[in-house]
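To start, the structure itself, in structure tokens.
The values are calculated or read from the model by the stated rules, or taken from the named source; none is laboratory data. Quantities reported herein were computed from a predicted structural model and do not represent experimental measurements. In this analysis, Cβ positions are derived from the backbone assuming ideal geometry, glycine residues included, and neighbour counts consider all displayed protein chains. Protein only, heavy atoms only, side chains kept; ligands, DNA and RNA dropped before computing areas. Shrake-Rupley method; radii C 1.70, N 1.55, O 1.52, S 1.80 Å.
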Amino acid sequence: MEPALSQIIDRVRAAASAATPQPLRIQGGGSKDFLGHALQGEALDVRPLQGIVDYEPSELVVTVRAGTPLAELEQALAARGQSLAFEPPHFASQGQQATVGGMVAAGLSGPARASVGAVRDYVLGIEILNGKAELLRFGGQVMKNVAGYDVSRLMAGSWGTLGVITEVSLKVLPVAPAEATLRFDGIGQADVLKQLNTWGGQPLPLNASRWVPGQGVDAATTGSLYVRLRGATAAVDAACRSMGGTRLDAASPDVGADWVACREQELPWFAQRAADHCLWRLSVPQTAPELALQTLGVEGIAAPLVEWHGGLRWVQAPRSAGDALKAAARAVGGDALLFRAEAALPISGEPLFDPQNAAVQRIQQQLKAAFDPAGIFNPGRTHSAR
């Protein structure tokens with residue numbers, strides 16, 4: 001066993017066995033520390049666990065240690081014409097760097113999420129350190145190597161509350177042979193949602209979409225829709241001819257940069273957020289209609305930026321609008337999360353998980369008790385005190 005891992009195991013064992021269990025704050029690159037409640041406990045740094053353990057391009061699988069910089073993994077995959085299809089956001093800033101373990105723990109996906117799946121869909125196997133200082137492996141390096149509970153995918157989006165991710169095996173995919181982006185100007189949100197649903201029922205190589213509202217009083221009806229197509233050259237060309245719009249060459253640096261900016265929330269729309277407004281993430285069914293945000297009784301809510309073929313709506317609104325936004329999202333079968341706090345605050349200070357169903361709450365409590373009985377990992381990070 002390598003020294004770095006041995007030291008981490010010793011830290012966890014000591015924290016769990018203390019007369020009063022000592023909370024540990026699992027630390028990776030810190031690029032997503034702005035989400036959830038304030039971090040508590042002594043830092044448990046997993047960044048010494050670095051490196052690609054095994055990579056078989058022909059098998060479309062890579063095994064990586066958790067502290068490996070995400071950019072390093074993506075560069076290694078790109079050199080072999082492959083990628084992480086779910087486009088995980090980095091959110092790197094001020095020296096913070098996304099890591100592979102943090103990518104899995106956060107479970108966040110980028111623009112292609114609605115077409116290719118989420119982080120959890122690409123986790124084949126995982127090695128974790130539980131709250132008893134036991135090193136456990138689940139899954140493997142092939143898609144059909146799952147027996148019993150699929151613990152590997154359970155760790156995706158758990159935010160380090162169930163265990164310390166030390167190593168992960170991921171499915172990767174070849175980069176598509178062809179790509180194009182279509183732009184449609186002067187189209188309102190309601191029409192965009194209808195059109196995306198229509199295209200979704202057709203054999204088109206849809207990969208990602210975003211609708212950006214226009215400016216001023218007509219923002220909701222004068223926006224621009226961008227649709228990214230990926231696949232075989234013939235399929236992409238045929239879709240461009242049938243769908244219309246203005247074709248933007250994927251080889252143009254501006255086109256690719258805009259999709260990265262969307263993934264990293266660096267588009268002008270995100271930058272124009274008022275200092276006293278939060279960024280809310282509304283996850284809803286793709287078939288959900290336009291939400292009447294302006295009728296919620298809260299001033300200052302503008303038209304949202306829409307991604308994931310209608311399934312993700314980013315809203316800029318005051319913190320006080322939270323209850324109304326959550327109610328609007330739940331009314332159509334979704335939910336709302338305060339993703340970024342006001343400009344003056346470094347962390348959202350809102351629960352990442354707020355299940356309304358008592359049965360779901362019990363399941364979460366039972367999982368926590370099974371994996372981390374002493375409650376030492378990231379206490380309070382994801383839930384409000386009940």
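Looking at region 194-214, is at least one residue buried (at least 19 other Cβ atoms within 10 Å of the Cβ), modelled with pLDDT of 95 or more, under 19 Å from the mean Cα position of the chain (by Cα) and on the phi > 0 side of the Ramachandran plot?
No, region 194-214 contains no residue that is buried (at least 19 other Cβ atoms within 10 Å of the Cβ), modelled with pLDDT of 95 or more, under 19 Å from the mean Cα position of the chain (by Cα) and on the phi > 0 side of the Ramachandran plot.
Restricted to region 47-83, and to residues that are open to solvent by 50 Å² or more (accessible area, probe 1.4 Å) and among the β-branched types (Val, Ile, Thr), which residue is farthest from residue 103 (Cα to Cα)?
So, considering only residues that are open to solvent by 50 Å² or more (accessible area, probe 1.4 Å) and among the β-branched types (Val, Ile, Thr), the one farthest from residue 103 (Cα to Cα) is 53.
Inspect all residues belonging to region 85-100 and state whether any of them is open to solvent by 30 Å² or more (accessible area, probe 1.4 Å), over 18 Å from the mean Cα position of the chain (by Cα) and either within 12 Å of residue 168 (Cβ to Cβ) or at pLDDT below 95 (or both).
yes
Of the residues in region 337-362, how many are surrounded by 12 or more Cβ atoms within 10 Å (Cβ to Cβ), under 19 Å from residue 157 (Cβ atoms) and hydrophobic (A, V, I, L, M, F, W, C)?
Residues meeting the conditions: 6.
Is it fair to say residue 172 is within 24 Å of the chain's Cα centre (by Cα), modelled with pLDDT of 95 or more and surrounded by 17 or more Cβ atoms within 10 Å (Cβ to Cβ)?
Yes, satisfied.
Where in region 112-209 are there strands (runs of 3 or more DSSP E), lying fully within it, with 1 or more residues that are farther than 30 Å from residue 258 by Cα?
Filter on region 112-209 gives 123-129, 135-139, 164-171.
List the number of the failed condition for residue 224; all other conditions in (1) of a type in the set (Ser, Thr, Tyr); (2) open to solvent by 60 Å² or more (accessible area, probe 1.4 Å); (3) farther than 30 Å from residue 351 by Cβ hold.
(2)
What number of residues within region 262-299 are of a type in the set (Val, Ile, Thr) and either touching a strand residue (DSSP E or B) at 6+ places or on another chain (Cβ under 9 Å) or closer than 12 Å to residue 322 by Cα (or both)?
Qualifying residue count for the region: 2.
Go through 113, 80, 120 for me and flag whichever is among the basic types (Lys, Arg) and within 28 Å of residue 1 (Cβ to Cβ).
Only one candidate passes the filter, namely 120.
Restricting the search to region 1-23, which residues are of a type outside the set (Gly, Ala, Ser) and part of a helix (DSSP H, G or I)?
Matches in region 1-23: 3, 5, 7, 8, 9, 10, 11, 12, 13.
Residues of region 3-23 being surrounded by 12 or more Cβ atoms within 10 Å (Cβ to Cβ), more than 11 Å from residue 67 (Cβ to Cβ) and not polar (S, T, N, Q), which ones?
9, 11, 12, 13, 14, 15, 16, 21, 23, listed by residue number.
Check region 47-64 and report whether any residue there is touching a Phe, Trp or Tyr at 6+ places or on another chain (Cβ under 8 Å) and outside any strand (DSSP E or B).
no
Yes/no per residue for (1) free of Cβ contacts under 8 Å to residues at least 12 places away in the same chain; (2) among the small types (Gly, Ala, Ser):
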{"position": "281", "(1), (2)": "no, no"}
{"position": "289", "(1), (2)": "no, no"}
{"position": "312", "(1), (2)": "no, no"}
{"position": "329", "(1), (2)": "no, yes"}
{"position": "335", "(1), (2)": "no, no"}
{"position": "338", "(1), (2)": "no, no"}
{"position": "358", "(1), (2)": "yes, yes"}
{"position": "380", "(1), (2)": "no, yes"}
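Of the numbered conditions (1) open to solvent by 20 Å² or more (accessible area, probe 1.4 Å); (2) part of a helix (DSSP H, G or I); (3) among the aliphatic types (A, V, I, L, M), residue 251 satisfies every one except a single condition; which is it?
(2)
Which pairs turn up if I take residues in region 246-262 that are without any contact (Cβ under 8 Å) to a residue 24 or more places away in the chain and look for partners that are of a type in the set (A, V, I, L, M) and open to solvent by less than 60 Å² (accessible area, probe 1.4 Å) with beta carbon separation below 6 Å, at least 6 apart in sequence or on another chain?
261/267
So for region 360-367 (the condition being part of a helix (DSSP H, G or I), of a type outside the set (Val, Ile, Thr) and in contact with a Lys or Arg (Cβ under 6 Å, 6 or more places away or on another chain)), does at least one residue qualify?
no
Just to be sure, is residue 331 open to solvent by 80 Å² or more (accessible area, probe 1.4 Å) and either charged (D, E, K, R) or over 22 Å from residue 276 (Cβ atoms) (or both)?
In short, yes.
Within region 24-46, is even one residue in a loop (DSSP other than H, G, I, E, B), open to solvent by 60 Å² or more (accessible area, probe 1.4 Å), more than 21 Å from residue 88 (Cα to Cα) and touching a Pro at 6+ places or on another chain (Cβ under 6 Å)?
Among the residues of region 24-46, at least one is in a loop (DSSP other than H, G, I, E, B), open to solvent by 60 Å² or more (accessible area, probe 1.4 Å), more than 21 Å from residue 88 (Cα to Cα) and touching a Pro at 6+ places or on another chain (Cβ under 6 Å), which makes the answer yes.
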